[in-house]
Amino acid sequence: MKKLIIFLCFLVAVLQLSAQDFRCAISINSHKISGTNYEKFNNLQQELYKFVNDRKWCQYTLKMDERIECSILITLDKQTGDAYNATMTIQLQRPVFKSSYKTIVLNFIDKIVQFNYVDGDPLEYAEGNNLSQLTSLIAFYLNLFLAVDFDTFSSNGGSPYFAKCQDIVNLNQQSVELGWKSYESGQNNRYWLMENFTNTAYSKFHDFLYQYHRLGLDVMAETPDVGRATILEALRLLQQVNQQRTALYLMTIIVQTKQKEIIDIFKEGTPSEKQQVIQIMKQIDPSNATKYDAINQPN
């Protein structure tokens with residue numbers, strides 16, 4: 001009997017382990033809230049960590065080293081009763097083949113986060129339902145992490161998860177909370193993020209993610225010249241999207257995420273590559289144009 005109990009406990013532990021899709025760091029910064037009950041927010045942080053890391057989000061069985069590495073930092077800015085205004089710092093990274101390097105794939109701040117939370121409330125979520133604004137927000141970004149990560153490993157591999165993100169946006173069109181609708185905060189919100197990702201006119205964004213990461217970065221450990229040339233062609237895809245329409249929200253996110261990495265990669269490039277990349281990046285990221293001159297500076 002004792003051996004059976006031990007075996008069952010082991011089996012449960014294995015099943016829980018196999019269900020995990022993320023290695024996601026969750027943090028809550030409540031220092032802006034006067035009279036903060038730190039224990040309350042510590043408890044919420046722990047519950048969010050379990051909500052993210054202990055449940056199954058992906059239709060595939062991911063191996064230990066395939067889990068999605070990401071982080072979500074929630075900074076609470078204002079509290080009115082049980083209602084909170086906050087920002088979310090969103091970051092996704094992935095390993096580069098045959099190297100110890102990890103590339104940042106997404107890194108941006110969602111500045112329009114609103115939700116209600118009562119201490120001790122369970123964190124409930126079900127696809128197709130808007131049970132809680134907080135869990136809907138977290139689920140939106142977890143599906144975005146899956147979508148973008150899979151896009152970097154296979155051509156349009158993230159399509160099922162972009163669809164799930166769009167479903168969450170659609171469900172929130174009647175929400176009182178901000179950040180989900182086309183007319184809120186210019187075009188820098190979750191509605192427009194998904195519009196940019198799902199609009200077939202901008203399909204080259206998906207081609208960029210695959211070509212830059214899988215065909216470019218992933219071969220640089222063995223053939224850096226080939227990888228760098230492929231990344232240059234991937235940047236041309238962004239240039240083509242920019243020629244269709246400037247100042248897209250997704251373009252802003254990509255260039256702010258990749259700016260330093262692009263500069264570092266092409267410091268090792270040929271004079272022709274350097275000239276072409278500087279021209280492309282100044283065109284698609286004009287507000288940071290002078291930063292790309294660093295490509296011509298020695299390491």
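Quick look at the values:
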| read-out | value |
| --- | --- |
| Long pairs among LYS204/LYS291; LYS111/LYS258; LYS63/LYS291; LYS32/LYS267; LYS63/LYS164, criterion Cα-Cα beyond 32 Å | LYS63/LYS291; LYS32/LYS267 |
| Mean Cβ count within 10 Å, highest first, over the residues of peptides 149-161, 169-181 | 149-161, 169-181 |
| Of every Cα-Cα pair in the range 98-140, the percent that sits beyond 15 Å | 58 percent |
| Flagged links, alpha-carbon separation over 26 Å, of LYS40/LYS260; LYS40/LYS78; LYS56/LYS102 | LYS40/LYS260 |
| Estimated distance in nm for a label pair at LEU73 and ALA229, the labels positioned 7 Å out from Cα along Cα-to-Cβ | 4.0 nm |
| Descending semi-axes in whole angstrom, ellipsoid equivalent of the range 104-198, from the Cα gyration tensor | 22, 16, 12 |
| Spatially proximal aspartates and glutamates relative to LYS50 (Cα-Cα < 20 Å; intrachain offsets below 8 disregarded) | ASP21, GLU39, ASP65, GLU66, GLU69, ASP119, ASP121, GLU124, GLU127 |
| Whole-number percent relative contact order across the range 79-177, with pairs defined as alpha carbons under 8 Å at least 6 apart | 22 percent |
| Order by protection proxy (mean Cβ within 10 Å, highest first), peptides 133-143, 240-250 | 133-143, 240-250 |
| Using alpha-carbon coordinates, inclination of helix 38-53 to the longest axis of the chain, degrees | 70 degrees |
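Bear in mind that the values in this text are calculations on the coordinates, not laboratory data. What you see is a predicted model, and the numbers here were worked out from it, not measured in a lab. Glycine gets a Cβ as well: all are built from the backbone with ideal geometry, and neighbour counts include every protein chain shown.
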